[in-house]
Every structure is written in structure tokens, then in C-alpha cells.
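Following: one structure in C-alpha cells, then a few remarks.
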Amino acid sequence: MIHTGRHFLQIPGPTNVPDRVLRAMAAPVIDHRSAEFAELGKEVLEGLRPVFQTKGPVVIYPASGTGAWEASLVNTLSPGDRVLLFETGHFSQLWRDMAVRLGLNVEYLPGDWRHGASPEETEARLTADAARAIRAVMVVHNETSTGVTSRVAEVRTAMDRVGHPALLLVDTISSLGSIDYRHDEWKVDVTIAGSQKGLMLPPGISFNAVSEKALAANREARLPRSYWDWQQMLGPNREGFFPYTPATNLLYGLREALKMLHEEGLENVFRRHARHGEAARAAVRAWRLDVQCEDPREYSNSLTTVRMPEGHSADNLRKVILDAFDMSLGSGLSKLAGKVFRIGHLGSFNDLMLAGTLSGVEMGLRLAGVPHRAGGVAAALDSLASTHKA
Ligand SMILES: Cc1ncc(COP(=O)(O)O)c(C=O)c1O
């Protein structure tokens with residue numbers, strides 16, 4: 001089938017890359033040991049801090065988010081260390097598997113993939129750890145497989161109430177630059193992020209924001225590391241350089257994306273995502289379908305995971321929509337395969353893109369013969385119009 005116009009990339013990352021960022025990357029590669037590069041390096045390393053809401057260092061890796069996950073663990077922990085991780089979905093599972101492969105002793109608190117990390121359970125587990133043997137609490141802030149956003153500030157408060165010294169490691173791969181997140185205020189020790197979602201860049205670079213406490217842990221941590229070693233990075237970074245060849249053109253893109261976030265203002269970026277999340281959920285409710293997330297306090301503003309009626313395949317629906325309307329939606333991952341589809345509404349996005357996206361879903365539901373009520377798009381338009389600042 002011939003498709004005209006632009007493809008709709010509505011998976012929850014990688015997201016649409018704005019033309020400004022694409023143009024910024026279309027530049028000659030420069031010498032990464034030059035003074036010109038050092039200016040770029042310093043600008044992006046500095047410019048990233050407000051996005052994490054931190055005054056501390058942010059490390060940039062030429063890697064996907066998985067690399068930054070590994071970096072957070074190998075830089076702070078030692079073989080056999082006990083860590084606590086909540087089962088929030090597919091990505092908590094992958095992070096758990098990695099921690100096990102690295103030789104950590106993971107306590108994986110079971111979850112139903114419809115809720116986030118529980119502050120109450122955190123408090124109970126840490127209280128029970130009288131020997132203070134748990135070295136780190138790991139949380140996926142926005143679980144991209146389920147569209148559930150964990151309440152990290154409340155997890156932090158629970159840790160403080162117990163007075164437990166564990167590090168707090170948080171994955172913000174699908175929330176940074178989309179959903180309010182405060183590395184310093186919430187006393188997070190390592191924040192993990194990636195380029196390809198709220199930061200509006202192609203995949204390829206990822207980040208660790210690092211607290212003073214994490215730097216102190218780094219000096220004692222004995223997991224083997226070389227490529228990921230913060231100390232190798234932080235020295236050259238002070239002058240704007242990297243210990244190995246950086247992803248130069250992605251850094252051009254990053255500089256432009258940071259400019260865009262700054263121009264819009266982080267508060268407005270969060271408000272925009274909140275409006276789009278609310279409107280997407282209004283559509284799902286009007287269709288009489290279910291949102292995967294069960295707790296309204298944990299609704300994700302960067303994506304919505306929609307449950308299919310029993311006996312109907314989400315993968316078939318996605319195929320119908322891709323064939324008919326040239327729109328990609330996120331698939332159900334691991335145990336949710338075929339049972340849910342995911343609508344990404346993060347990154348470079350606006351009201352009419354959301355309206356188009358939801359129109360594609362509503363038409364797809366009809367074409368695929370999925371039982372639903374019409375009127376989801378109308379409900380979303382109502383929501384968008386009523387929350388629009390004229
Ligand atoms: C929450 C979360 N964590 C980790 C990852 C893994 O990142 P990557 O695929 O960039 O390695 C993803 C990818 O989508 C994610 O959404």
C-alpha cells in the first residue's frame with residue numbers, strides 16, 4: 001500500500017524528532033579534541049542539569065538506555081550487594097535480570113503490572129532490614145510497558161522516615177523531559193535517562209545524573225567497570241571532553257533539544273504532557289476500554305496503555321492501523337503481548353497530533369471489529385479544548 005504524508009510514530013519512544021533537531025545534527029563532524037568541541041561539550045553537560053533538576057554532574061554515554069542502567073549499578077555497588085526493586089512491568093524485569101547477571105542479590109517485590117512502586121512497602125521492607133544490608137532501592141519512574149508512573153517523592157519520604165542509608169536509583173528513560181522529576185529535591189542518587197523519548201532525539205545517547213552520595217559509593221564499589229566508569233568520564237568532562245569518541249552529531253541535536261525545552265519552560269512541558277495524558281485517557285474511557293494503570297495517582301502523562309477486550313488481539317489492531325493509516329503504536333511487552341497497545345504522547349507533540357493519533361485508533365477499532373463505543377476522539381477534543389489556555 002502506498003502511504004502519503006508523514007508516518008505517525010506514536011510508540012512511547014523513540015519519539016518524533018523535531019525538524020530543528022534534525023537540522024542541527026546535519027552538520028560536519030568536528031574534531032572531538034578541539035576547542036570548538038569543548039564548547040559544545042561544556043554547553044550540553046551544563047544544559048542537561050536543569051532538565052534533571054540537579055546542580056550535580058550528569059554523565060553522557062554513547063549508548064542506549066540499557067548502558068546507562070548498567071552504569072548506575074556497576075558504579076555504585078559490589079558483588080553480592082542486596083538491592084530492592086519493584087516489579088512494575090517489563091522494564092523492571094529487564095533491569096532485575098541485568099542486576100542478577102552482574103552478581104547482585106536482588107529482592108524483587110512482586111507487582112501486578114497495574115501499579116507503581118509502593119511507598120508503603122518500601123517503608124515496611126526497609127524497616128525490616130535492621131542490619132541495613134540493603135544497599136540500593138531501584139525504581140522505574142515511568143514503566144513504559146504499562147503506563148504507570150511511580151511516586152518517587154513518596155518512596156524517598158518513606159526511606160527518610162526509616163532513616164535507611166540505601167541509595168535510590170531511578171530510571172527516568174520515559175519520563176525525563178515529560179513528567180515532573182526532581183533529582184536533587186527527591187535526593188535521588190543516580191537518575192538514568194535516554195535520548196529518544198522526552199528529549200526528542202534519536203536513540204543513541206543515555207545519561208546518569210549523580211549525587212554526592214553516589215560519588216562516595218563509587219569510591220567503595222567493587223563491581224568491575226571500565227567503559228562505564230564515572231571517574232574516567234568526570235575528569236575530561238570538566239573541560240568539555242570525553243575519554244573516548246563521543247557521539248558528536250547527537251550532541252549537536254542535544255544542544256538544540258535543550259534549547260527547545262528551555263524556550264518552552266519545563267513547567268509548560270510538564271503541563272503539555274499532563275493535558276495530553278488526560279485527553280488520551282478521556283478517549284479510552286469514552287471508548288469503554290480500560291487503561292492498564294489502576295491508580296489515578298499513577299497515571300502516566302507520557303503514554304497510555306490500553307487493554308483490549310477479552311478475545312481481541314492488540315497486535316491485529318496495531319497491524320490494521322499501521323496498514324490503513326500508517327501509524328505505529330506500541331505493542332504489549334512480555335506478559336502483556338497481544339493484550340494491550342500503547343499510545344505514546346510524549347516528546348515533540350501537540351494537540352492536533354494527539355487528535356490525529358486518537359482518530360487513527362478510533363477508526364482502527366472500527367475496522368478491526370473491536371467492541372467499543374464511538375466518541376473517544378470527541379471526548380479527547382473536549383478535554384483539550386477545556387484545558388487550553390486561549
Ligand atoms: C523505562 C525504560 N527503561 C529502560 C529502557 C531500555 O532502554 P534502551 O532500549 O534505550 O536500551 C526502556 C526502553 O524503552 C524504557 O522504556
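The values are calculated or read from the model by the stated rules, or taken from the named source; none is laboratory data. Only a predicted model underlies this, so the values are computations on that prediction, with no experimental measurement involved. Here the Cβ positions follow ideal geometry from the backbone for every residue, glycine too, while neighbour counts run over all protein chains shown. Surface areas here come from the heavy atoms of the whole protein model, side chains and all, with no ligands, DNA or RNA. Shrake-Rupley method; radii C 1.70, N 1.55, O 1.52, S 1.80 Å.
So Asp189 fits all but one of (1) under 18 Å from the mean Cα position of the chain (by Cα); (2) within 16 Å of the ligand (Cβ to nearest atom); what number is the exception?
The failed condition is (2).
Sort out which residues of the stretch 62-80 are touching an Asp or Glu at 6+ places or on another chain (Cβ under 9 Å) and not in a helix (DSSP H, G or I), and write them in order of number.
Ala63, Asn75, Thr76, Ser78 - these are the residues of the stretch 62-80 that are touching an Asp or Glu at 6+ places or on another chain (Cβ under 9 Å) and not in a helix (DSSP H, G or I).
Can you list residue pairs whose Cβ atoms sit under 7 Å apart, with the first residue in the stretch 311-328 being among the charged types (D, E, K, R) and modelled with pLDDT of 95 or more and the second being open to solvent by 30 Å² or more (accessible area, probe 1.4 Å) and outside any helix (DSSP H, G or I)? Count only pairs 6 or more apart in sequence or on different chains.
From residues that are among the charged types (D, E, K, R) and modelled with pLDDT of 95 or more, the pairs are Asp315/Ser331; Arg318/Ser331; Asp323/Met1; Asp326/His3; Asp326/His7; Asp326/Phe8.
Can you give me the number of residues within the stretch 109-144 that are assigned to a strand (DSSP E or B) and in contact with a helix residue (DSSP H, G or I) (Cβ under 7 Å, 6 or more places away or on another chain)?
7
Run Tyr227 past the list (1) open to solvent by 30 Å² or more (accessible area, probe 1.4 Å); (2) away from the ligand (no atom under 16 Å from the Cβ); (3) of a type outside the set (Val, Ile, Thr) and report the number of the one that doesn't hold.
Only one criterion is unmet by Tyr227, namely (2).
Here is a check on your reading of the model: is Gly194 of a type outside the set (Asp, Glu), crowded, with 24+ Cβ neighbours inside 10 Å and within 11 Å of the ligand (Cβ to nearest atom)?
Values: of a type outside the set (Asp, Glu): yes; crowded, with 24+ Cβ neighbours inside 10 Å: yes; within 11 Å of the ligand (Cβ to nearest atom): yes.
Yes; evaluated as a whole, the condition is true for this residue.
If you take the residues in the stretch 85-108 that are within 22 Å of the chain's Cα centre (by Cα) and assigned to a loop (DSSP other than H, G, I, E, B), which one is surrounded by the most Cβ atoms within 10 Å (Cβ to Cβ)?
In this case the residue turns out to be Thr88.
Quick grid of which residues meet (1) within 23 Å of Val155 (Cβ to Cβ); (2) in contact with a Phe, Trp or Tyr (Cβ under 8 Å, 6 or more places away or on another chain); (3) among the basic types (Lys, Arg); (4) surrounded by fewer than 21 Cβ atoms within 10 Å (Cβ to Cβ):
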| residue | (1), (2), (3), (4) |
| --- | --- |
| Met260 | no, no, no, yes |
| Phe270 | yes, no, no, yes |
| His276 | no, yes, no, no |
| Ala280 | no, no, no, no |
| Val284 | no, no, no, no |
| Asp290 | no, no, no, yes |
| Glu294 | yes, no, no, yes |
| Leu303 | yes, no, no, no |
| Pro309 | no, no, no, yes |
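Could you tell me which residue of the stretch 37-61 is nearest to the ligand (Cβ to nearest atom), considering only residues that are open to solvent by less than 20 Å² (accessible area, probe 1.4 Å) and part of a loop (DSSP other than H, G, I, E, B)?
This residue is Thr54.
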